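Undergrad: Here you go, one structure.
The values are calculated or read from the model by the stated rules, or taken from the named source; none is laboratory data. Given the structure is predicted, the values throughout are model-derived calculations rather than measurements. Heads up, the Cβs are rebuilt from the backbone with ideal geometry, glycines too, and the neighbour counts pull from every protein chain shown. Protein only, heavy atoms only, side chains kept; ligands, DNA and RNA dropped before computing areas. Shrake-Rupley method; radii C 1.70, N 1.55, O 1.52, S 1.80 Å.
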Amino acid sequence: MWRRVASVSHFTFAHKSIVNNKDVCKFKFWEAFTTEIPRKEKGTFQSDKTPFITFVLGGPGSGKGTQCVKIVENFGFTHLSAGDLLRREIASNSADGTMILNTIKEGKIVPSELTIRLIQKEMESSDNYKFLIDGFPRSEENRIAFEQIIGAEPDIVLFFDCPEDEMVKRVLNRNQGRVDDNIDTIKKRLKVFAALNLPVVEHYLEKGKLYKINAVGTVDEIYKQVYPVFASFNFEQQVRA
């Protein structure tokens, strides 16, 4: 498991944070990765660049997945949806998949170690270094486990803030045939989200890493708030054919 070990500098940039009135945020970048016991062979992580991790948070139906697609298109990130990874495991009919399915039906959160293991596997097999981790962490326990197991904090955190009635309407309208897209399960998920995810949002707000996005409006209107966050890092933008 990769652990960041040496701080080399603080990168300071000016931006208009939607969360607070501070114009300057500091982000710590790290020099290298090493491994914990059991040790992995050098080169397990495919990219030779330090990973840039973005947590993408928001309730079910907040539109974060749609915005992730646009970020991928414009800035070349790899999109890792915790929900998609879990549903893929369910479809595999594994013992873990059965446990995940039952947990989701009850509106509860899947054990941190399992979700993190799925995310870590995708990160280590990727040749990219820019990651959008969508829908995780969902609780403080998730957050702490991620930082301990992966050995890294996110560089930035997006929080898509959307009213509950709007999220319910969107989830019911998307009709994707998902096991967790019915009114009873949606209400359970929103209750769990409010109780467990908001402390995570507050944690990253206090650390100056949170960007709060008003998730009401058209896809393009919402993306106008998202685009400047990533443009400020001068990532190479993708050229469309």
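Undergrad: What net charge is computed for the residues neighbouring Phe77, neighbours being all others with C-beta under 12 Å from the C-beta of Phe77, Lys and Arg scored +1, Asp and Glu -1? Write out the running numbers ahead of the final one.
TA: Working: positive: Lys70, Lys130; negative: Glu73, Asp134, Asp155, Glu236.
Once all neighbours under 12 Å are counted, the net charge is -2.
Undergrad: Between beta-carbons, use under 13 Å as the cut-off and find the net charge around Arg143, counting Lys and Arg +1, Asp and Glu -1. Don't skip to the end; give the middle numbers.
TA: Working: positive: Arg138, Lys207, Lys209; negative: Glu140, Glu141, Glu147, Glu153, Glu202, Glu206.
Here the count lands on -3.
Undergrad: Another question, if that's okay. Extending each Cα 7 Å along its Cβ direction at Glu73 and Leu198, get the distance between those two points in nm, one decimal.
TA: 3.3 nm
Undergrad: On to the next question. Net charge within 11 Å of Cys68 by Cβ-Cβ distance, Lys/Arg positive one each and Asp/Glu negative one each, not counting Cys68 itself?
TA: Details: positive: Lys64, Lys70; negative: Glu73, Asp84, Asp134.
It works out to a net charge of -1.
Undergrad: State log₁₀ I(q)/I(0) for the range 110-241 at q = 0.09, 0.14, 0.16 Å⁻¹ as given by the Debye formula over alpha-carbon point scatterers of equal weight, solvent excluded.
TA: Listed by q, the Debye log ratios stand at -0.32, -0.82, -1.07.
Undergrad: Jot down the radius of gyration and Dmax of the range 56-143, Cα atoms only, both in angstrom.
TA: In Å, with Rg to one decimal and Dmax whole: 13.2, 38.
Undergrad: Mind checking the per residue accessible area of the range 48-109 for me, 1.4 Å probe, whole number of Å²?
TA: Details: 2520 Å² over 62 residues.
Using a 1.4 Å probe on heavy atoms only, each residue of the range 48-109 averages 41 Å².
Undergrad: Give the share of C-alpha pairs in each 10 angstrom bin for the range 134-204, from 0 to the last occupied bin, in whole percents, shortest bins first.
TA: 17, 45, 28, 10
Undergrad: Which value, in debye to the nearest 20, gives the size of the charge dipole of the range 114-237 about its Cα centre, when Lys and Arg are +1 and Asp and Glu are -1 at the Cβ? Can you show the working numbers first?
TA: Values: 17 positive and 21 negative charges, 67 e Å.
That gives a dipole near 320 debye.
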